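Have a look at the structure below before the remarks.
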Amino acid sequence: LTGGTLSRDDQGGSPKITYTVSDTPSEQHDLIVASWEGQSDYKQSIPLVFNHALTAVRFKIGFDCKVKSLEVKGVYNSGTYTFGQGWSNTQSTKDYTFTFGENGSCQEFSANAFLTDGENTLMMIPQTLSSSAKVILTYIEGGTEKTITSTLKDKVWQAGKMITYTIHKTSAPTTIYF
């Protein structure tokens, strides 16, 4: 189990996974869980239903621009998953930064292009985001570096869901629309 540990049989109760999301998005993996309660003998099949225990989060850009970086700050990155009950003990937070281009340069993106997708999709602990959670986009416009910062407060990341945020700007680049 990459990033986690499974409780031992002698600890009693439902099995638990203590899990920490990797610091590197390309090294984050989906966590699939299945459980079954009942009695069986070795001649019977056991009906297992598999579920995604994490939330997939990705970002798109809503306008043509040159992107320098995208930061996702203050999100929970560890917790305990209890089979049949869900997540608890989500206390530790982490910041994730995606840089684009080489050596501090930028990468051009067209409107509606994914900034993070595929192996750069964040696989996160399900959570209701706190007031410290935010997204910061740093981009170049007219030769000037600009940033858009928006809170993620009260956004909900549910287990098994894929959430896509598209970053737009107004004439004064201060808002990210979800």
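The values are calculated or read from the model by the stated rules, or taken from the named source; none is laboratory data. Treat the numbers as computed from the prediction; the structure is a model and nothing was measured. Using ideal geometry, Cβ is built from the backbone for each residue, glycine included, and neighbour counts are taken over all protein chains shown. Calculation scope for accessible area: heavy atoms of the full protein, side chains included, ligands and nucleic acids excluded. Shrake-Rupley method; radii C 1.70, N 1.55, O 1.52, S 1.80 Å.
Show me, for the range 29-37, the HN-Hα J-couplings you get by feeding each phi into the Karplus relation (A = 6.51, B = -1.76, C = 1.60, θ = phi - 60°), rounded to Hz, glycine and proline as x.
So the Karplus estimates, Gly and Pro as x, are 10, 5, 10, 9, 10, 8, 9, 8, 10 Hz.
Per residue of the range 45-54, what does 6.51 cos²θ - 1.76 cosθ + 1.60 with θ = phi - 60° give for ³J(HN,Hα)? Whole Hz please, x for Gly and Pro, Karplus curve as stated.
So the Karplus estimates, Gly and Pro as x, are 7, 10, x, 9, 10, 8, 9, 7, 8, 10 Hz.
Amide H neighbours of A113 under 5 Å, at least 5 residues apart or on other chains, H built in the peptide plane: list them.
I61
From the Cα gyration tensor of the range 107-148, with a ≥ b ≥ c the square roots of its eigenvalues, which class applies: rounded if a/c is under 1.5, or else prolate if a/b is larger than b/c, or else oblate?
Here the range 107-148 falls in the oblate category.
Using a 10 Å Cβ count of at most 12 others and DSSP loop calls, identify the longest part of the chain lacking such GluC sites (Glu not before Pro).
103-178
In the range 15-89, which chymotrypsin sites (Phe, Trp or Tyr not before Pro) are in a loop and have at most 13 other Cβ atoms within 10 Å, using DSSP for the loop call?
For chymotrypsin sites (Phe, Trp or Tyr not before Pro) across the range 15-89 that sit outside H, G, I, E and B with at most 13 neighbouring Cβ atoms in 10 Å, the list reads W36, Y42.
If each of V49 and T170 carries a label point 7 Å out from its Cα toward its Cβ, how far apart are those two points in nm?
4.4 nm
What number comes out for accessible area per residue over the chain if the probe is 1.4 Å? Units Å², please.
57 Å²
P(r) for the chain: what percent of alpha-carbon pairs falls in each 10 Å bin, starting at zero?
Final binned percentages: 9, 34, 29, 16, 8, 4, 1.
Once amide H atoms are built 1.01 Å from N in the peptide plane, which residues 5 or more positions from L31, or in another chain, come under 5 Å H to H?
A53, L54
Along its three principal axes, how long is the range 38-81 when you only count alpha carbons? Whole Å, largest extent first please.
Ordered largest first, the range 38-81 gives principal extents of 61, 24, 12 Å.
Tabulate in residue order the Karplus-calculated ³J(HN,Hα) for the range 58-68, using 6.51 cos²θ - 1.76 cosθ + 1.60 with θ = phi - 60°, rounded to whole Hz; enter x for Gly and Pro.
Values per residue, Gly and Pro as x: 9, 10, 10, 9, x, 8, 5, 6, 9, 9, 8 Hz.
Considering amide H positions built from the backbone, and no H for Pro or chain starts, which residues 5 or more places from K161, or on another chain, come under 5 Å of its amide H?
A56
Straight-line reach from K94: which lysines have a Cα under 16 Å away, not including same-chain ones fewer than 8 places off?
Answer for K94, where 16 Å is the Cα cut-off: K73, K134, K153, listed by chain and number.
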